[in-house]
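Worksheet: one structure, shown below.
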Amino acid sequence: MGAGHHHQLYRPGATLVHRLPPQCKLLAVAAFAIVVVATPRERFLAFGGYLLLLAAVAAVARVSPGFVLRRMVVELPFVLFAFAIPVIGLGERISIWGVSLSVDGLWASWNILAKATLGVIASILLAATTEPRSMLLGAQRLRMPQLLVQIATFMLRYLDVVLDAMRRMKVARESRGFQARDLRQAPILAKSAGALFIRSYERGERVHLAMLSRGYTGTMPIYRDISADVRQWLLAGALPVAAAALLFIS
């Protein structure tokens, strides 16, 4: 399987964070997320400290704030939901700028926004410093089920192929005068989706036969060593340990 497909989130570099083995970074981000989720919503200083820790990681990895902010648009549904909670919440209410808001809803909104934002930033930094293929190898090192790793690997490898097939089908339809204006065009789009599914299924069968002919026995070969030493584990663990310390002293 090729490993050279760079995702748009990945930022090539040779920083200390980039050089850490992927399994170290995956476990560090997961542990950091657990600390963030376990933090009581009243610990404002702790949340501020978490943000400073992530800023320090971004600085070491040379990931610009603008890069992170542009990719935080994925959080927009959580933001909209969080802003709606104080309006529709029950219980004691206060008036802010002439708008009646629920006190419990405000706390819930803050809790969701703070923790979701920190989690999204940590995930963006992980993706920006780790190639997608390396991330899957790291998950394999952490004993993630082999089948799930292979499914994710094939999804990563052939996603661009399937999207390219969708684009070609779209161009072919439009070159014949087709335009999707309303539900009357739904049957044609459904037939296109069915044809794409069949093509993808047939491609998967051909790829599987090709793998078997080359000695595939259920596990994918690993072409490079991604083992981690004690120093690298300690460096990666600095983030969740520092976050836990902030939670303890705040």
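The values are calculated or read from the model by the stated rules, or taken from the named source; none is laboratory data. Owing to the predicted nature of the structure, the values given are computational and were not obtained by experimental measurement. Here Cβ is always computed from backbone atoms with ideal geometry, including for glycine, and neighbour counts include all displayed protein chains. Calculation scope for accessible area: heavy atoms of the full protein, side chains included, ligands and nucleic acids excluded. Shrake-Rupley method; radii C 1.70, N 1.55, O 1.52, S 1.80 Å.
Quick notes on this one:
- Among the candidates Leu113, Leu137, the residue that is out of contact with any Cys (no Cβ under 7 Å at 6 or more places or on another chain), open to solvent by 30 Å² or more (accessible area, probe 1.4 Å) and not in a loop (DSSP other than H, G, I, E, B) is uniquely Leu113.
- Only a single criterion out of (1) assigned to a helix (DSSP H, G or I); (2) open to solvent by less than 50 Å² (accessible area, probe 1.4 Å) is not satisfied by Phe178, namely (1).
- Hey, Val73 part of a helix (DSSP H, G or I) and without any contact (Cβ under 8 Å) to a residue 24 or more places away in the chain or not: yes
- Condition met for Val60 (surrounded by 17 or more Cβ atoms within 10 Å (Cβ to Cβ) and either modelled with pLDDT of 90 or more or acidic (Asp, Glu) (or both)): no
- The test for being part of a loop (DSSP other than H, G, I, E, B), over 21 Å from Thr130 (Cα atoms) and of a type in the set (Gly, Ala, Ser) does not hold for Gly204.
Table: residues versus (1) out of contact with any Asp or Glu (no Cβ under 8 Å at 6 or more places or on another chain); (2) in contact (Cβ under 8 Å) with a residue 40 or more places away in the chain; (3) of a type in the set (D, E, K, R); (4) over 21 Å from Asp229 (Cα atoms).
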residue	(1), (2), (3), (4)
Val17	yes, yes, no, no
Leu27	yes, yes, no, no
Val35	yes, yes, no, yes
Ala46	yes, yes, no, yes
Val79	yes, no, no, yes
Phe83	yes, no, no, yes
